[in-house]
Amino acid sequence: MEKKYWWLRPVLAVPLAFSTLLTLLSAFVNIYLFYLEALLLICVTMYVLFKLRRFQQDMYAFLSYLSDNLTLTRRESMEVIPFPMIVADQNGEITWYNRMCKDDVFLGEDQFGMPVSDIVAGADPADPFKSQGRGIRYKNKLYTVHVTSILSEDGTPLSIYFLVDDTTLKKYMFEYKESRPSVGIVVIDNYQEIMQDAKESEKAQTIGQLETIIENYMAEGSCLLRRLDRDRFLIVAEERQLRKMIERRFDILDQVRQVSLSDNVPSTLSIGIGQGASTLQESEKMARQALEMALGRGGDQVAIKSANGFAFYGGTSKGVEKRTKVKTRIMASALSELIGTAENVLIMGHQFADLDCLGSAVGMYKAVKQMGKPAAIVLNRQRNLAFSLYNRLAQNGYADAFVEPDLAIDLIGKKTLLLVVDTHLPHILESREVYNACKTVAVIDHHRKMVGHIDNAVIFYHEPYASSASEMVTELVQYFGDNVKIGKIEAEALLSGIMLDTKNFVMKTGVRTFEAAAYLRKQGADTVEVRKLFSNSMDDYQKKTRLVASAEVYRGCAIASGEYSEDIKLIAPQAADELLGINDVMASFVMYEYEGGVSFSARSMGLMNVQVVMESLGGGGHMTMAGAQLTDIGMEAARQKLLQAIDQYFEQRPPEKEK
């Protein structure tokens, strides 16, 4: 009550203090005047205090009258309820509470007339929370509050608040959630390269440094760490520890990158974590799936799988090329057996097939035909980005090799094998119907693995370190046996795919890329003829120039936009490549209107991971080459989303990454 009317005190105290001061000053003028004024001041003060006390008593009487609106029977029944209770009027002021509430909640203090919202934060009599209650904290205790409404004797609406003290329960619940274990698997990505290429004296030193970093990092977070294999560790972390790692964005990745091999190749880690599982066994299974996703995206990152899907951290460095071809030889053997048991083979890539997609499809088509199996390439002749290569193939005996997606359904039997090249996502396949109709599927792809990938493939040959699908097919062909030989036209198709994805052997080019190109050159590929496949018309060149001229630079990223045209999907990537030639531009994004939405073509020179930016817009791709498409959106709104994605990228990366 005193709290309610605290404002009365300064109103009375200020005049009394002023009167006291005047009385004291009068003592220097006339001592008798001082005595008289002092006597009057004492009388007035006593009268004011008496009136203030009477006012408080009147207010208590008024509140008592309000509480009398609850019948005696109601109040007696409420007193025996084993929960603290508060009754508030329609204005939200406390009119009554039971003895348990006064003793346990208010700790003996009177709270009549106080706003109930001071105790129950957010309480609104006009909008009571009735169903699940509301959690509150009051005087270092935790309560769950439930509310109901009643009518007083005179029909006045009242609200009754029931406070359930569940402090202990909530503390146990909090501790339970915070201590939930998550299993993780840590893998040293380039362990094999360290063992193969490093000097004997460097091997132990490098591995020792990496193990020390891992052990110290996990010990700092009080995590359990156990070695599973030479390059693999098992970790178990509580939820509170995992959350701290997430807040630090797993800076262990940056620490490991500081350990370089003799050829200045940084060491990298991949970590898969299963979060929120009901059992440790389930968490370990989720951790393996997360690790597979992290490795499929090029390594050097952490993937966390939970009930909400995947979350990724890191992935800022280029993938390290795997120099051994053991996996390729094994995959070639398995793929040969699979083709041998099939009645016929359909080869299909992604929508709007480019040179890499069509080139790798042609390479596999030639190999399958030489194995003696019927084959066809599923291609939409009107909706692809490789018209020059398609026309050249059609003129050199491949006219009957292609089949439209709607006609390919008729070629599918019980033992039909579907070879998917240059993609691993079902929603961007040339024909989803063909994919669904085929019971046996094999995948050959080099793009970083994304959520929602094809999960029913008998063979999933996925190599994110490869420059292109054409490079992967070129290596496979060499292990299919002596009976499989590609000719000049197939070699040029494959070489065009490699040149497209490597930007003429500039981007993502490794030793194996040059080895594949050398093999294709040996098979008769003419680099001049391949270069002609990249030629543009004057109209296309002018459109590309206009796109480049429209670019603006934002945080080191060149952003250009253009309107829809029939060949915009072919021109936009070329414009994005051109923009990378501008000084201080580390990434380029070309936006264009397409089918009621906006599409993006993103490129970088490796200083920025455009795949991460495009993933935040629902797309994907590679670190240096990615894309996305937004539906039902205008150009300006799409531009704002892109700027937000770029800002988010830099917020999650060290500041030195931005120039």
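Inspection of the range 496-511 finds no residue satisfying the criterion of being over 37 Å from the mean Cα position of the chain (by Cα), buried (at least 22 other Cβ atoms within 10 Å of the Cβ) and at pLDDT below 95. Within the range 81-94, residues that are without any contact (Cβ under 8 Å) to a residue 12 or more places away in the chain have Cβ atoms under 7 Å from residues that are among the hydrophobic types (A, V, I, L, M, F, W, C) in no pair, counting only partners at least 6 apart in sequence or on another chain. Take the conditions (1) closer than 25 Å to LEU151 by Cβ; (2) modelled with pLDDT of 70 or more; (3) of a type outside the set (A, V, I, L, M, F, W, C); ASP103 misses just one of them, which is (1).
Looking only at residues in the range 72-98 that are assigned to a helix (DSSP H, G or I) and of a type in the set (A, V, I, L, M), the one that is modelled with the highest pLDDT is VAL80.
Applying the selection to the range 184-213, what residues are closer than 30 Å to GLY274 by Cβ and touching a Lys or Arg at 6+ places or on another chain (Cβ under 9 Å)?
Across the range 184-213, the qualifying residues are ILE185, VAL186, VAL187, ILE188, ASN190, TYR191, GLN192, GLU193, ILE194, MET195, ILE207, GLU211.
Meeting the requirement of 1 or more residues that are among the small types (Gly, Ala, Ser), crowded, with 17+ Cβ neighbours inside 10 Å and at pLDDT below 90, the strands (runs of 3 or more DSSP E) wholly within the range 210-322 are 309-314.
So that you can scan it fast, the table gives a plain yes or no per residue for (1) under 20 Å from ALA334 (Cα atoms); (2) among the hydrophobic types (A, V, I, L, M, F, W, C); (3) surrounded by fewer than 24 Cβ atoms within 10 Å (Cβ to Cβ); (4) at pLDDT 95 or above:
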site: LYS369; (1), (2), (3), (4): yes, no, yes, yes
site: ILE377; (1), (2), (3), (4): no, yes, no, yes
site: PHE387; (1), (2), (3), (4): no, yes, yes, no
site: ILE428; (1), (2), (3), (4): no, yes, yes, no
site: GLU433; (1), (2), (3), (4): no, no, yes, yes
site: LYS449; (1), (2), (3), (4): no, no, yes, no
site: ILE454; (1), (2), (3), (4): yes, yes, yes, no
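When each of GLY581, GLY524 is tested for being at positive phi and small (Gly, Ala, Ser), the lone residue that passes is GLY524. Quick check on my filter: what residues within the range 344-366 are farther than 14 Å from TYR398 by Cβ and part of a helix (DSSP H, G or I)? Passing the criteria: LEU355, ASP356, CYS357, SER360.
Restricting the range 582-606 to residues that are surrounded by 24 or more Cβ atoms within 10 Å (Cβ to Cβ) and small (Gly, Ala, Ser), the residue that is nearest to MET635 (Cα to Cα) is SER601. In the range 138-188, counting only strands (runs of 3 or more DSSP E) that sit wholly within it, the ones holding 2 or more residues that are modelled with pLDDT under 90 and outside the structural domain of ILE213 (by TED's automatic domain parsing) span 141-151, 157-165. Do you know which of the residues in the range 337-363 that are among the acidic types (Asp, Glu) and under 33 Å from the mean Cα position of the chain (by Cα) is modelled with the lowest pLDDT? Applying the filter and picking the extreme gives ASP354. Does the range 160-182 include one or more residues that are under 20 Å from LEU295 (Cα atoms) and surrounded by 13 or more Cβ atoms within 10 Å (Cβ to Cβ)? Yes, the range 160-182 contains at least one residue that is under 20 Å from LEU295 (Cα atoms) and surrounded by 13 or more Cβ atoms within 10 Å (Cβ to Cβ). Of the residues making up the range 534-573, those that are touching a residue at least 60 places away in the same chain (Cβ under 8 Å), outside any strand (DSSP E or B) and farther than 24 Å from LEU389 by Cβ are ARG555, GLY556.
For the range 466-495, a residue qualifies if it is closer than 13 Å to LEU355 by Cβ and surrounded by fewer than 22 Cβ atoms within 10 Å (Cβ to Cβ), but none of them does.
The values are calculated or read from the model by the stated rules, or taken from the named source; none is laboratory data. In this text, all values refer to a predicted model and were calculated from it rather than measured experimentally. Quick reminder, even Gly has a Cβ in these numbers, built from the backbone with ideal geometry, and neighbours come from all protein chains shown.
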